[in-house]
2 protein chains.
Amino acid sequence: MAKVTLFEVAKLANVHPSTASRALSPTISREVSEATRLKVLEAATALGYRPNVVARGLRQGRTGTIGVVITDFEHLYNAPVLRGVEVSLEEAGLMPLVAETHDSSKRLERALDHLVGRRADAIIVTAARFGDEPAITKAAQFLPVILAVRTLPGTRLPTVAHDDFEGGLLAARHLVSLGHRRVAEIGGARDVSSFVQRRAGFRAGLKEAGIVELRSEGAARVPGIEEGYRLACELVEEAAELPTAVFAHNDLLAAGAIDAFAEAGLRCPDDISIVGYDDMVLADHLSPPLTTIRLPSFHLGRLAAELALSLLDKPGTPAPRVALPPELVVRRSTAPVRTVEARVG
Amino acid sequence: MAKVTLFEVAKLANVHPSTASRALSPTISREVSEATRLKVLEAATALGYRPNVVARGLRQGRTGTIGVVITDFEHLYNAPVLRGVEVSLEEAGLMPLVAETHDSSKRLERALDHLVGRRADAIIVTAARFGDEPAITKAAQFLPVILAVRTLPGTRLPTVAHDDFEGGLLAARHLVSLGHRRVAEIGGARDVSSFVQRRAGFRAGLKEAGIVELRSEGAARVPGIEEGYRLACELVEEAAELPTAVFAHNDLLAAGAIDAFAEAGLRCPDDISIVGYDDMVLADHLSPPLTTIRLPSFHLGRLAAELALSLLDKPGTPAPRVALPPELVVRRSTAPVRTVEARVG
DNA sequence: TTGTAGGCGTTATCAA
DNA sequence: TTGATAACGCCTACAA
């Protein structure tokens, strides 16, 4: 475990450490004579010198590190966002420091603490719940915090999110255009902006057609396959009349719901249409291939990272709020209503 | 952006910085009188003091950070590994510093450089290709490097991998037990240990039954859906006789292959059986649900992280090589051969 | 062009 | 039990 310092490089090159420092710094290396520059360079490579970014960071007040707070690596919709963040950071020579919250507020708070303590240069939070505002605001006193994917009501923090209201609207209009009038929702938690927006947009879309939804479930736990299954079971058991179409707030919920409906003898899309959300990897390979709302998540990740970087350079910048437009992708989990009765209402 | 230092806490508490440091350190806080300890604690909370982990790291020669090198966030099989790593690190108060390679050796080298420069306390590499040995060995001179998921032939580095030979064997025996004798492979790159092992295990399994595979493709690019599709197309077009079963080196390749076969008029599992690998999320929701090899990836991630942590404490520890046992999961993408001709051989 | 000195925030060591 | 001091590795005024 050799650890070569600038000091040793300088000694080998027979110059003062500060000279070595200059010679190695790409920005001011020409303040040094070509001869010594080469001498130092040679010594550095000979010794296998790696500048200690930590020490440099301490000196310069920057760690070259951006905190990223996500719910969970296994949640497929995080993957493209992370990729976008990573790609943008890596171009700038920074690295992401990632923490998971498992959608728990306590963990989020701990994650923020860690990140602040580690002196991340900025933090990108994709896992915010409404109750997390105080913790996030506190962290934002120390360093720039960017809200990504999930937003906070009335926040002044810079935000890069999907336009989830629009997404919900698209879902509703699609179902309406297929003649569905008995519809329900299998949704995410009610304290998460993206789900709140999806729900609002969806209802707005129904309202345009004079429809009121039968029922709207809200996930009590992590909005994954299991929760989708559970909520769909509830729906089937408790609803006064069965819907002909369902809007699931993400593709995983949709997958779980399809299972539950199948077990109840409802086939998708013959008996029940389902719209998912995210267009995550493999959404087109499920059975049936999912009609869903596609999100520019990779792009969102890039934007969030770039925003973070720009905030480092000029801290006073007014906080932008970006909302990226979603897109409907029609596949085979939705179909026109079959029964006349449904059309009549 | 308030930044409170230990110095200011000490001043407010009317003690020397070193005393404040002691009072705040959980390990030696009882070397300090209860009175001053409380005084300092109070001052710290009053000021909202957050210890600067970077400075501490500089002093102690540890950053509390573990580098993790993966191919790509979007590759589903990385997700559970990352989760495992994160969970273990978070328990110990450390954080992962993640870099993507996109399976390119050049990027891997850059990632290692970054991580070494950032003085990660250790690095977990899950993206190794055979040609990366020099770069990885170099990094290992500076800090502990753990090989995870993918191994390196003849390496002395600590390794936590799946027993992919066994996995290939399980796949072969399963197909043989269903009566298949004309089989082929849609595999990953030939310079990646996991794929090499899967291939070797698979052939060994065939050999037991006296079978030689028709053909074995090797992915030229990232082993994802598209590559699976491409390789399966090649197989259909170029093979002298069509196989009745295929072993895909991961579930994504399998998904792509199923598409290609479907386009060629071959239905799975009626005309062709397919075994995948990984049992990634949603493997059971594909159409058809995938017969595959399940890997304890979360566990692997945990082990890798714990190994890294243990190596920090006692650097001289002999390097263990762990191989975790895979498990066959039978679903509906495999079925007995239909034709007598196939059984005869 | 190069050397000197001081400090980024902590903590380990030594002395009181 | 507490205080003083130095050092972790680097960078940057400033002086020479």
Order of A:Leu290, A:Leu303 - criterion: other Cβ atoms within 10 Å of each residue's Cβ, fewest first:
A:Leu303, A:Leu290
Based on the alpha-carbon gyration tensor of chain A, what equivalent-ellipsoid semi-axes (square roots of 5 times the eigenvalues) come out, in whole Å, largest first?
52, 19, 17
How high is the FRET efficiency between B:Val322 and B:Lys11 when r is their beta carbon distance and R₀ equals 51 Å, given to the nearest 0.05?
0.50
Mean separation of Cα contacts under 8 Å (6+ apart) over length of the stretch B:202-271, as relative contact order %:
31 percent
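Can you tell me what share of the DSSP beta bridges in chain B is antiparallel? A percent to the nearest 5 is fine.
Of the beta bridges lying entirely in chain B, close to 10 percent run antiparallel.
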Classified through the alpha carbon gyration tensor (a ≥ b ≥ c as square roots of its eigenvalues; rounded if a/c is under 1.5, else prolate when a/b is larger than b/c, else oblate), the protein assembly as shown comes out oblate
Spherically averaged projected area in nm², based on the convex hull that wraps the Cα atoms of the stretch A:6-51:
2.6 nm²
Dipole axis of chain A (+1 Lys, Arg; -1 Asp, Glu on Cβ), positive-most option in A:Thr151, A:Ala200, A:Gly228:
A:Thr151
7 Å from Cα along Cα→Cβ at both B:Asp191 and A:Lys3: what's the point-to-point distance in nm?
3.4 nm
Checking the cross-link filter: which lysines have an alpha carbon closer than 28 Å to that of B:Lys3, excluding same-chain neighbours under 8 positions apart?
A:Lys106, A:Lys138, A:Lys314, B:Lys11, B:Lys39
For B:Arg37, A:Arg331, ascending order of other Cβ atoms within 10 Å (fewest first) is A:Arg331, B:Arg37
The base-10 log of I(q)/I(0) that the Debye equation returns for the stretch B:86-214 at q = 0.12, 0.15, 0.22 Å⁻¹, one scatterer per C-alpha, is -0.56, -0.76, -1.20
GNM flexibility winner over chain A from A:Ser333, A:Ser18, A:Ser287 (Cα, springs under 10 Å)
A:Ser18
Square roots of five times the Cα gyration tensor eigenvalues for the stretch B:114-180, Å:
34, 10, 9
Cα-Cα P(r), the stretch B:1-88, percent of pairs per 5 Å interval:
3, 13, 18, 16, 12, 9, 9, 8, 7, 4, 1
Looks like the stretch A:164-291, by Cα gyration tensor root eigenvalues a ≥ b ≥ c and the a/c under 1.5 rounded cutoff (else prolate when a/b is bigger than b/c, oblate otherwise), is rounded
Quote the convex hull volume per residue of the stretch A:239-345, based on C-alpha atoms, as a whole number of Å³.
136 Å³
Taking every DSSP beta bridge that has both residues in the protein assembly as shown, what percent is antiparallel when rounded to the nearest 5?
10 percent
Using 10 Å bins from zero, what percent of all Cα-Cα pairs in the stretch B:37-144 falls into each bin?
14, 38, 28, 12, 7, 1
Taking the label point 7 Å from Cα along the Cα-Cβ vector, the copy-to-copy distances for B:Glu241, listed from shortest in nm with one decimal, are 6.0
For A:Gly154, place a label point 7 Å out from Cα along the Cα→Cβ vector, do the same in each other copy, and report the separations in nm, one decimal, smallest first.
6.8
Residues A:Glu241 and A:Glu91, FRET efficiency given R0 of 60 Å [Cβ-Cβ distance, rounded to 0.05]:
0.65
Here the correct list, in nm and shortest first, of distances from B:Asp113 to the same site in the other copies, label points 7 Å along Cα→Cβ, is 3.8
Quick one: divide the alpha-carbon radius of gyration of the stretch A:212-273 by 2.2 N^0.38 Å and tell me what you get.
0.99
Where a ≥ b ≥ c are root eigenvalues of the Cα gyration tensor, a/c under 1.5 meaning rounded, otherwise prolate if a/b exceeds b/c and oblate otherwise, the stretch B:78-129 counts as oblate
Could you give the dipole magnitude of the stretch B:6-51 about its Cα centre, charging the beta-carbon of Lys and Arg +1 and that of Asp and Glu -1, in debye to the nearest 20?
40 debye
Do you know the relative contact order of the stretch A:54-151, to the nearest whole percent, from alpha carbon pairs under 8 angstrom that are 6+ apart?
31 percent
If you average the C-alpha positions of the stretch A:148-182 and of the stretch B:283-341 separately, how far apart do those two centres end up, in angstrom?
38 Å
Test of the criteria: in the stretch B:196-259, which GluC sites (Glu not before Pro) are in a DSSP loop and have at most 14 other Cβ atoms within 10 angstrom of their Cβ?
B:Glu241
Suppose a student asked you for the relative contact order of the stretch A:164-291, using Cα pairs under 8 Å spaced at least 6 residues apart; what percent would you report?
25 percent
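Values in this text are rule-based calculations from the coordinates and carry no lab data. Worth saying up front: this structure is predicted, and the values here are computed from it rather than measured. Note: ideal-geometry Cβ built from the backbone for every residue, glycine included; neighbour counts use all protein chains shown.
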